[in-house]
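Below is one structure, written out as structure tokens; comments come after it.
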Amino acid sequence: KKRALLAYNRAIFYGVELLTHKAKGFEAAKRNDITFKAWLNENFSDKDDVPNLFWLGYAWLAKADLSKEDPPTVAEVFVGVDLVEKAIATNPDFEHFGGLIVLAAYHARPLGELPLAKQMFDLALQKTQGKNLLAEVTYAQTYACNTGDRPLYEKLLNDVISSQDPDPEQRLTNTLAKRKAKRYLGKQRMVDCGMDMSTPKRAPAASP
């Protein structure tokens, strides 16, 4: 966790620096959700802005997820959401619809907007056409885990494991997704998710 926080803080530092090369006033803008959205809309509308917006938003939300006990970090979670939403509005298919997946995971948090999260994940699966396996893994480890939906959880992860090579351009991330899927089908991971382990487990998919 300590290493992850250091990495996210580093990413946020450089991400903010990149944004300020184009527009000043980041700190003042993030006073609240309204002022920050206005600042983003006024200064960032080109597709060239999307990588910086997306990756800064990603790091911001990831840090917040690891810092739930830190009120100042939690209070500024809207910054990460606004950054990713702006990236999606400007270029929705960036990183193979990565922004949609990130926002779906955010809404799938405990006590979050779970119906909205499910809609977004289903849309992400439709848009990615099974080529981005991280979409299914994230769906399982967030929404299915937080709702205790074991059949959905197992189906998503087993589908990832049994998938062949859906997109050569995403081979690295899909390989990592397969490794994560195998780990998350482990009994301890499922117990940590709060899954009811008294019912029989679905037979694992055959190895590709």
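The values are calculated or read from the model by the stated rules, or taken from the named source; none is laboratory data. Note that the structure is predicted; figures quoted are calculated from it, not measured. Don't worry about glycine lacking a Cβ; one is built from the backbone with ideal geometry, like all the others, and counts go over all protein chains shown. Ligands, DNA and RNA are stripped out before the accessible areas are found, and what is left, the full protein with its side chains, is counted by its heavy atoms. Shrake-Rupley method; radii C 1.70, N 1.55, O 1.52, S 1.80 Å.
Which of the residues spanning the stretch 17-31 are open to solvent by 30 Å² or more (accessible area, probe 1.4 Å) and either under 21 Å from the mean Cα position of the chain (by Cα) or touching a residue at least 12 places away in the same chain (Cβ under 8 Å) (or both)? The answer is LEU18, LYS22, GLY25.
Residues in the stretch 122-180 that are under 24 Å from LEU111 (Cα atoms) and among the polar types (S, T, N, Q): THR138, GLN141, THR142, ASN146, THR147. Could you list, in sequence order, the residues of the stretch 62-95 that are part of a helix (DSSP H, G or I), open to solvent by 60 Å² or more (accessible area, probe 1.4 Å) and acidic (Asp, Glu)? Once the filter is applied, which keeps residues that are part of a helix (DSSP H, G or I), open to solvent by 60 Å² or more (accessible area, probe 1.4 Å) and acidic (Asp, Glu), the stretch 62-95 yields ASP65, GLU85.
Considering only residues that are closer than 14 Å to PRO151 by Cβ and surrounded by 11 or more Cβ atoms within 10 Å (Cβ to Cβ), look in the stretch 176-196 and name the one that is modelled with the lowest pLDDT. Checking each candidate, the answer is MET195.
Is at least one residue of the stretch 39-59 more than 27 Å from LYS127 (Cα to Cα), open to solvent by less than 80 Å² (accessible area, probe 1.4 Å) and touching a helix residue (DSSP H, G or I) at 6+ places or on another chain (Cβ under 7 Å)? Give the steps one after another, and end with the answer.
Kept after step one, since they are more than 27 Å from LYS127 (Cα to Cα), are these residues of the stretch 39-59: 39, 42-43.
Remaining after also requiring open to solvent by less than 80 Å² (accessible area, probe 1.4 Å): 39, 43.
Checking the rest, the ones that are also touching a helix residue (DSSP H, G or I) at 6+ places or on another chain (Cβ under 7 Å) come to 39.
Looking through the stretch 39-59, at least one residue is more than 27 Å from LYS127 (Cα to Cα), open to solvent by less than 80 Å² (accessible area, probe 1.4 Å) and touching a helix residue (DSSP H, G or I) at 6+ places or on another chain (Cβ under 7 Å).
Among the residues of the stretch 32-78, those that are under 17 Å from ARG10 (Cβ atoms) and either touching a residue at least 60 places away in the same chain (Cβ under 8 Å) or among the aliphatic types (A, V, I, L, M) (or both) comprise LEU56, ALA59, LEU61, ALA62, ALA64, LEU66, SER67.
Can you tell me which residue is farthest from ASP192 (Cα to Cα) among those in the stretch 150-175 that are of a type in the set (S, T, N, Q) and within 19 Å of the chain's Cα centre (by Cα)?
Pass one, the stretch 150-175, residues of a type in the set (S, T, N, Q): 158, 162-164, 170, 173-175.
Now drop any that are not within 19 Å of the chain's Cα centre (by Cα), which leaves 170, 173-175.
Details: GLN170: 29, THR173: 24, ASN174: 24, THR175: 24 Å.
Across the stretch 150-175, the extreme among qualifying residues is GLN170.
So which residues in the stretch 121-133 are surrounded by fewer than 22 Cβ atoms within 10 Å (Cβ to Cβ) and either among the aromatic types (Phe, Trp, Tyr) or not in a loop (DSSP other than H, G, I, E, B) (or both)? Quick ask: steps written out before the conclusion?
Narrowing the stretch 121-133 to residues surrounded by fewer than 22 Cβ atoms within 10 Å (Cβ to Cβ): 122-123, 125-127, 129-131.
Scanning the stretch 121-133 gives ASP122, LEU123, LEU125, GLN126, LYS127.
When the test is whether a residue is more than 23 Å from VAL50 (Cβ to Cβ) and either open to solvent by 50 Å² or more (accessible area, probe 1.4 Å) or assigned to a helix (DSSP H, G or I) (or both), GLN141 passes it.
Candidates are the residues of the stretch 99-111 that are in a loop (DSSP other than H, G, I, E, B) and under 23 Å from LEU53 (Cα atoms); the one that is most open to solvent (accessible area, probe 1.4 Å) is ARG109.
Of all residues in the stretch 1-34, count the ones that are among the hydroxyl-bearing types (Ser, Thr, Tyr) and farther than 23 Å from ASP65 by Cα.
Narrowing the stretch 1-34 to residues among the hydroxyl-bearing types (Ser, Thr, Tyr): 8, 14, 20.
With farther than 23 Å from ASP65 by Cα added as a condition, the list becomes 20.
Qualifying residue count, the stretch 1-34: 1.
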